[in-house]
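Input: a single structure, listed below in structure tokens.
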Amino acid sequence: MLTVQILAAVIFGILCGRLCPSAPIWSLANPITTWALYALLFLIGIQLGSSREVWREISVHGLKLLLIPGGVALGSLVGGAVAGTILRLTLREALAVTAGFGWYSLAGVMLNQMGYAELGALAFLANVLRELLAIILIPIVARYLGNMAAIAPGGATTMDTTLPIIAEATGNEAIVAAFINGAILSALVPILIPLLMG
């Protein structure tokens, strides 16, 4: 439902931009999105810091829990590099699009604010598609490849949007690992994209 609402908001925005391309209020778009992103990252930090379950699992399992987001990040970036050659993107462009790890709202806006409007639109669409595919694939992956493997398709969304699907598909076994995976990948997005785009 959240994905449908977000897509509806984007379509509504496109229509507003097409119908009133020179409205004075559009000049406020960049400052509003910048502060909204800061607020979003701050709230993710609060969510991570206040979750006792996450810190307990980290103390029990230690560095093993970092293998999942590390593998997901590496696999995503390698897949992005391969897809980039098909789409004739430069390596850094392909990696920057993929470095959203499914967090379409941040990846698209960041690239757009850096002056890469087309790349921002591609990042938005690619990461929305990743989330939609994750919703379909998580139960299938859990059934045939195991509960921990079911975390991978969701990328950064495993701490929020796809977490209930993972919980249902794995019988709650992978919830904490999924949350940690999503939190770490979400923290990497605002670091990796500017780093990759120089």
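Bear in mind that the values in this text are calculations on the coordinates, not laboratory data. Since this is a predicted model, take the numbers as computed values, not measurements. All Cβ positions, even for glycine, are placed from backbone atoms using ideal geometry, and neighbour counts span all protein chains on display.
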Practice prompt. Just need the relative contact order of the chain here, percent rounded to a whole number, with Cα pairs under 8 Å and 6+ apart.
Written response: 21 percent
Response to the item:
Checking rank on 170-179, 94-103, 131-140, with mean other Cβ inside 10 Å and highest first, the result is 94-103, 170-179, 131-140
Discussion item. Please list 3J(HN,Hα) in residue order for region 107-115, calculated via the Karplus relation 6.51 cos²θ - 1.76 cosθ + 1.60 where θ = phi - 60°; whole Hz, with x for glycine and proline.
Written reply: 4, x, 5, 4, 5, 5, 5, 7, x
Item to complete: Mind telling me which of 148, 110, 159 comes out most flexible in a GNM of the chain, alpha-carbon contacts under 10 Å?
Response: 148
Worksheet item: Once the other residues with Cβ under 12 Å from the Cβ of residue 104 are scored (Lys, Arg +1; Asp, Glu -1), what is the net sum?
Response: 0
Worksheet item: Picking from 27, 59, 186, which is most flexible by a Gaussian network model of the chain using Cα springs under 10 Å?
Response: 27
Item to complete: Kindly provide log₁₀ I(q)/I(0) values, in the same order as q = 0.08, 0.09, 0.17 Å⁻¹, from the Debye equation applied to equal alpha-carbon scatterers of the chain.
Response: -0.28, -0.35, -1.18
Worksheet item: For the chain, modelled as a GNM with alpha-carbon contacts under 10 angstrom, which of 183, 121, 152 fluctuates the most?
Response: 121
